[in-house]
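The values are calculated or read from the model by the stated rules, or taken from the named source; none is laboratory data. All of these numbers come straight from a predicted model, not from anything done at the bench. Here the Cβ is made from the backbone with ideal geometry for all residues, glycine too, and neighbour counts use every protein chain on show.
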Amino acid sequence: MILDAERGSTAVLGSDHLVTGLRAIGEPTRLRIAALVSQGELTVTELCRILGQSQPRVSRHLKLLCDAGLLQRHSEGTSAFFSPSLDAVGRSLLDGIVGLIDPDDPVMTADRQRLDSIRAERAAQAEDYFDQIAEQWESMRDRHVADTEVEARLTSIVEDHLTRLSVKTGSGARHRPRLLLDIGTGTGRILELLADRFDKGIGIDLSTNMLNLARTRLIEHELTNCSVRQANIYALDIGEDGRDNLADVAVLHHVLHFLDDPAAALRQTAFTLAPGGLVVIVDFASHGVDELLTEHQHRWSGFSTAQIESWCSDAWLQVVESHHLTPDKSSSTETLTVSIWVAVRSD
């Protein structure tokens, strides 16, 4: 039995699982890898730089750690990223062992220094990209209510849902890790906003540049329970590994208006949800700002509630509430209403 000190819960480990995990991590290089990856996802190339070892050797170590359920692998273009397992038992074992390492151990200290150097390189690349798009983002913010107002409403909706889930499952029920799925994660802001309310958070995006931004933010805020991965919104596979990897809450924050087929994206989102799971859609209400279509790559001029309800119904989702946040009408530019639609999985 391993205690999760942060959440005050325990994970019970079967003897076979425990022995397999200990054998996998019970080697100096693999212990170093586990300690590094527990601080945030890394590529094989980055691990080779930190460890000073060859790619084939590091890859073999990584395979053993993944086979033992301590780490997980996902591909992003030509790169493979490694992060702590989503499995509650595997993650508990990993955290328990890494937590026993002397933080002043000279080998681990040197590894952390090299890791910090790699993170600084990532951050510089992410900052360069963000500088290129910052002006476009600021022009959008001038047209709608403050992000803080939208985020406060979103947070309240999610907290209410998690409270209802806790009451429904009861204190005596088996704890299934609460999972947040942020689809179209962008800079990772939604993960940052809601991470402390979930056991795990996964951000999905197709853009490598955006994923680099998100990874940088997760590291800056030490959100080790969150990770991001490259995936196509029309082919999500988050829930394929079993019930523990189904989302309790999925958020699509200003995503649908960029898509050719929002209805298909909502159907895919529904597949990722646990029974009774929640989808929160944040997007613009119907508008007539043509500039967003011609200069900002929007494919849709916002959405009506009837439109969202119809698509959700086809995706086995039921819209249960909607919120419409309208900015100060005294603005000199045509303003946008930000709508939040809340839907639950109906089956």
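Some observations on this one:
- Residue count for region 52-66 under the criterion of being within 19 Å of Gly96 (Cβ to Cβ) and within 23 Å of the chain's Cα centre (by Cα): the result is 2.
- Given (1) more than 23 Å from Ser38 (Cβ to Cβ); (2) at pLDDT 90 or above, index of the condition Val228 fails: (1)
- Members of region 148-188 found to be assigned to a helix (DSSP H, G or I), modelled with pLDDT of 95 or more and touching a strand residue (DSSP E or B) at 6+ places or on another chain (Cβ under 7 Å), listed by number: Arg153, Leu154, Ile157, Val158
- Within region 50-85, being touching a residue at least 60 places away in the same chain (Cβ under 8 Å) and in a loop (DSSP other than H, G, I, E, B) holds for one residue alone: Gly77.
- Every residue from region 286-345 that is of a type in the set (A, V, I, L, M), part of a loop (DSSP other than H, G, I, E, B) and out of contact with any strand residue (DSSP E or B) (no Cβ under 9 Å at 6 or more places or on another chain): Val289
- When the test is whether a residue is within 22 Å of Arg23 (Cβ to Cβ), surrounded by 21 or more Cβ atoms within 10 Å (Cβ to Cβ) and either in contact (Cβ under 8 Å) with a residue 60 or more places away in the chain or among the small types (Gly, Ala, Ser) (or both), Ala88 does not pass it.
- Residue that is farther than 26 Å from Asp205 by Cβ, at pLDDT below 85 and within 22 Å of the chain's Cα centre (by Cα), where the choices are Ser79, Ser92: Ser92
Listed here are the residues, each with its yes/no results for (1) at pLDDT below 95; (2) in contact with an Asp or Glu (Cβ under 9 Å, 6 or more places away or on another chain).
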| residue | (1), (2) |
| --- | --- |
| Asp237 | yes, no |
| Val251 | no, yes |
| Val280 | no, no |
| His287 | yes, yes |
| Gln297 | yes, no |
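Rundown of residues vs (1) of a type in the set (D, E, K, R); (2) under 22 Å from Gly186 (Cα atoms); (3) surrounded by fewer than 16 Cβ atoms within 10 Å (Cβ to Cβ), yes/no style:
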| position | (1), (2), (3) |
| --- | --- |
| Ala264 | no, yes, no |
| Leu273 | no, yes, no |
| Asp283 | yes, yes, no |
| His287 | no, no, no |
| Glu295 | yes, yes, yes |
| Gly302 | no, yes, no |
| Trp311 | no, no, no |
